[in-house]
1. In region 147-176, whose amide N lies under 20 Å from the spot 7 Å out along Cα-to-Cβ of L130? List them in ranges.
2. For a quick check: sort V38, V153 by the number of other beta carbons within 10 angstrom, fewest at the front.
3. For region 56-176, what is the convex hull volume of the alpha-carbon atoms per residue, in Å³?
4. With labels modelled as points extended 7 Å from the Cα through the Cβ direction, what inter-label distance (nm, one decimal) is found for A144 paired with N68?
5. Can you tell me the order of 65-71, 30-36 when each peptide is scored by its average per-residue count of other Cβ atoms within 10 angstrom, highest first?
6. Could you list F147, F166 so that the one with the fewest beta carbons within 10 Å of its beta carbon is first and the one with the most is last?
Amino acid sequence: MPGETANAFGVGAAEPRSEFIDGVHRMLSRLWHLQGSVKPGSSLSEEMVLERISKMLEDQHKTVSLRNSDSIEFNHPLWSGGDRLKALALYDKGRIWIDCRSGATVLRYELRSLHAVVFTGFASIMFVALYGVAEEEGAMQFGAGVFAWLYGVNVLIALFRVPRLFKHALNPAEAT
């Protein structure tokens, strides 16, 4: 039910959340989630689409944790290694599914980069602490700048690279 959350153990309904808390949650969630969609070629069956996405995830060093007839999920913690120059390197979890509700087939994706947010947040706090020990003014601004540089620049790059990666996986000839 909208506005309600599960209790601490994930079962049953807990206290209804306020609109303010829901708004803050949505805003912060956007910080570490990337959502998008790509139209696969009309000649591709759903099975072919998922096979191409599965191959793409393998090439990106992402471990597929669940595959259904219309979706694929991966769960690959940031610390588990892999090539950090890959387009999906920033993302630790993702769900990719085929949506046919609108009459046209669309591949949708939702990717999570929570581990990267946490790591860059800790790095920023460490910079603030070190900068603050020197009793310099502007330690908080410096920490915010470090976070914006470490995480923000990676997200900006991903905003360009990830949709292109999906397009190329589905339609290699058209993605160039």
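Every read-out reported here was derived from the displayed coordinates using simple, explicitly stated rules and does not represent laboratory data. Since we're looking at a predicted model, the values are computed, not measured. Ideal geometry is used to build each Cβ from the backbone, glycine not excepted, and the neighbour counts take in all protein chains shown.
1. 147-154
2. Lowest to highest Cβ neighbour count: V153, V38.
3. Numbers: hull volume 14.9 nm³, N = 121.
Convex hull of Cα atoms, per residue: 123 Å³.
4. 4.1 nm
5. 30-36, 65-71
6. Values: F147 19, F166 24.
Listing F147, F166 from fewest to most nearby Cβ atoms yields F147, F166.
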